[in-house]
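Participant: Quick one: the structure is below, and I'll ask about it shortly.
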């Protein structure tokens, strides 16, 4: 039995330093309070990331390995059958996570570097540069991005690089708008003025004074933009002008196996095959949306309309 | 500027609305102009050897030169642009690249000829969708706001949230699986032509129209609900409630008139969104519309056709957004009754 002090000293209690919670501890507390939808979203997203990272270990066959039976049925050797030239669908689904998500992630990162950087510069500068950037963004946003992407792809051809660059540039317009809008409110703060007066360079002001203060909306936007970019790339690949074979990708897998759907009456599994990659896309988008929703709620203190 | 000031003097009351609308219209025309310039200049971004690519390896230097002359590549860009705008305004979009051969036999067709019937098909599909989707979305949004937080509201909300996050082709294939393959009610291919009768045509486009409806109803319904619920917090609604007005009276008589502006905006915005959604859905259902034509032309790198399609799509998009903005301005009570 340990000794408990019988006297009470107010001074001791006041003097006891309250331990500051660590970053990990704080996020754990936030997580415990998260609603079930956010938990679902987080688990799904981490599962996707896991599959994407360890694709070569998880997949039973090679990405472009061809087997003798095209459109094979679901059985032990091929869990979800084979596609139109005899590639294992399960394997391609796993590699698809890596390719589709990887390309979407790179595109989103690039669009945030372009859009976020220019948005910050426009918010700080507020002169002719801001005018030029904002007006050109207005024009770019007047064209539906899928249509614009189709037009540019017809000119530059459908390679992964041109896909990433085109979509990143088109998407950066939206990032630019948001960054500029939230940064403008921060730029007028006194501490930014102080930084300017002590002679900091624009790069420092952007990175150290403004960026940390506009992070929460940007992170939420990153999630939303990611799922949007992801859907756009999937749609383009589905249309046959996005990621090109033999690279496994969910959008083009839907297209390649679409004809199987007519056999659903005879074999429901065959009918479901083209829906698997489509469902993989939908599930990830839903999950990301759930997480973003929760993040927005906790970071902005927004409550449901009452 | 002078004209606008004259207007200001003559109709003093309408001035703020008219001025805003004129400003917005001017901005819209300017946007259209710049967008057309961007779309036009895309052809000059083509790699230098595309003459050979289009005409084939066997093309002689003369045919390639003649081809370039036909496209006007020997003239300076601004002149070409004005020529192009003039001919587009007359409905002439140039000639398709496909069907050309080095042999000199030119089987290519004019772009306008290719697009004409397909544009009608697309407009028909979009029209049918809009006729179904808009009243449905308004009804769902209104009733969800009326019975807020009820089971009905929650289930409608959950359903729309799910359809929002799904790609169009997923919705489309689920519908095909259910309604065309397992229970064959509707055909899975929407292959219509000019001779198809109206009833048969409607039956064939049932699935594409349903897909598009599901996708856009979700968004419109949520915005309608949000617009009304947003208003329910304002003091004059509280006043009406304290006066003893019933729930439906409050919503229909007091909230709805003020909610029209955001609702109209979101409807126009979603119809503009239809323009994009139609591309994917047309490809899924092999519907002979302009979206499918555009995708085919992108694959074949048939730039004149792509340009024409892009111009039509972008134009529709800009005009619909412009209409949405103008409706928003016109129905804004604060602008209508200036202090």
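Participant: If you take the residues of region A:245-257 that are within 11 Å of chain B (Cβ to nearest Cβ) and in contact (Cβ under 8 Å) with a residue 40 or more places away in the chain, which of them is surrounded by the fewest Cβ atoms within 10 Å (Cβ to Cβ)?
Facilitator: Only one residue tops the list, namely A:257.
Participant: Then there is this: Could you say whether any residue in region B:247-270 is within 9 Å of chain A (Cβ to nearest Cβ), more than 26 Å from the chain's Cα centre (by Cα) and surrounded by fewer than 22 Cβ atoms within 10 Å (Cβ to Cβ)?
Facilitator: Going residue by residue through region B:247-270, those that are within 9 Å of chain A (Cβ to nearest Cβ) are none.
Checking region B:247-270: not a single residue is within 9 Å of chain A (Cβ to nearest Cβ), more than 26 Å from the chain's Cα centre (by Cα) and surrounded by fewer than 22 Cβ atoms within 10 Å (Cβ to Cβ).
Participant: Looking at (1) within 14 Å of chain A (Cβ to nearest Cβ); (2) surrounded by fewer than 20 Cβ atoms within 10 Å (Cβ to Cβ); (3) under 23 Å from residue B:290 (Cα atoms), which is the one condition that is false for residue B:161?
Facilitator: Here residue B:161 clears every test but (3).
Participant: Considering each of B:280, B:284, B:276 in turn, give the residue that is modelled with pLDDT of 85 or more, within 15 Å of the chain's Cα centre (by Cα) and within 11 Å of chain A (Cβ to nearest Cβ). Break it down into steps so the answer makes sense when it comes.
Facilitator: Working: B:284 fails: within 15 Å of the chain's Cα centre (by Cα); B:276 fails: modelled with pLDDT of 85 or more.
Answer to the selection: B:280.
Participant: How many of the residues in region A:138-161 are more than 12 Å from chain B (Cβ to nearest Cβ) and touching a helix residue (DSSP H, G or I) at 6+ places or on another chain (Cβ under 8 Å)? Reasoning before the result, please.
Facilitator: Within region A:138-161, the subset more than 12 Å from chain B (Cβ to nearest Cβ) is A:159-161.
Subset that is touching a helix residue (DSSP H, G or I) at 6+ places or on another chain (Cβ under 8 Å): A:160.
Qualifying residue count for the region: 1.
Participant: Taking residue B:143 and the conditions (1) away from chain A (no Cβ under 11 Å); (2) buried (at least 22 other Cβ atoms within 10 Å of the Cβ), which numbered condition does it fall short on, given that it satisfies the others?
Facilitator: Result: residue B:143 passes all but (2).
Participant: I'd like to check something: does region A:100-122 contain any residue that is closer than 15 Å to residue A:246 by Cβ and buried (at least 23 other Cβ atoms within 10 Å of the Cβ)?
Facilitator: yes
Participant: Residues in region B:152-169: is at least one closer than 13 Å to residue B:285 by Cβ and within 23 Å of the chain's Cα centre (by Cα)?
Facilitator: Pass one, region B:152-169, residues closer than 13 Å to residue B:285 by Cβ: B:168-169.
Remaining after also requiring within 23 Å of the chain's Cα centre (by Cα): B:168-169.
Within region B:152-169, one or more residues are closer than 13 Å to residue B:285 by Cβ and within 23 Å of the chain's Cα centre (by Cα).
Participant: Let me ask something else about it. Of the residues that make up region B:308-315, is at least one within 10 Å of another protein chain (Cβ to nearest Cβ), farther than 30 Å from residue B:18 by Cα and either buried (at least 19 other Cβ atoms within 10 Å of the Cβ) or touching a residue at least 12 places away in the same chain (Cβ under 8 Å) (or both)?
Facilitator: Yes, because at least one residue in region B:308-315 is within 10 Å of another protein chain (Cβ to nearest Cβ), farther than 30 Å from residue B:18 by Cα and either buried (at least 19 other Cβ atoms within 10 Å of the Cβ) or touching a residue at least 12 places away in the same chain (Cβ under 8 Å) (or both).
Participant: Does residue A:200 satisfy the criteria of being part of a loop (DSSP other than H, G, I, E, B), free of Cβ contacts under 8 Å to residues at least 24 places away in the same chain and farther than 30 Å from residue B:309 by Cα?
Facilitator: In short, yes.
Participant: Okay, next question. Do you know which of the residues in region B:164-187 that are farther than 22 Å from residue B:217 by Cα and touching a helix residue (DSSP H, G or I) at 6+ places or on another chain (Cβ under 6 Å) is nearest to the other protein chains (Cβ to nearest Cβ)?
Facilitator: Selected residue: B:181.
Participant: For residue A:231, are the conditions met, namely being assigned to a helix (DSSP H, G or I), within 21 Å of the chain's Cα centre (by Cα), modelled with pLDDT of 85 or more and more than 13 Å from every other protein chain (Cβ to nearest Cβ)?
Facilitator: On the way: assigned to a helix (DSSP H, G or I): yes; within 21 Å of the chain's Cα centre (by Cα): yes; modelled with pLDDT of 85 or more: yes; more than 13 Å from every other protein chain (Cβ to nearest Cβ): no.
In short, no.
Participant: Right, another one. What is the number of the single condition among (1) over 30 Å from residue B:33 (Cα atoms); (2) out of contact with any helix residue (DSSP H, G or I) (no Cβ under 7 Å at 6 or more places or on another chain); (3) free of Cβ contacts under 8 Å to residues at least 24 places away in the same chain that residue A:135 does not meet?
Facilitator: So residue A:135 meets the others, but not (1).
The values are calculated or read from the model by the stated rules, or taken from the named source; none is laboratory data. Computed from a prediction, not measured in an experiment: that's the story for all the values here. So basically every Cβ, Gly included, is an ideal-geometry build from the backbone, and we count neighbours across all protein chains shown.
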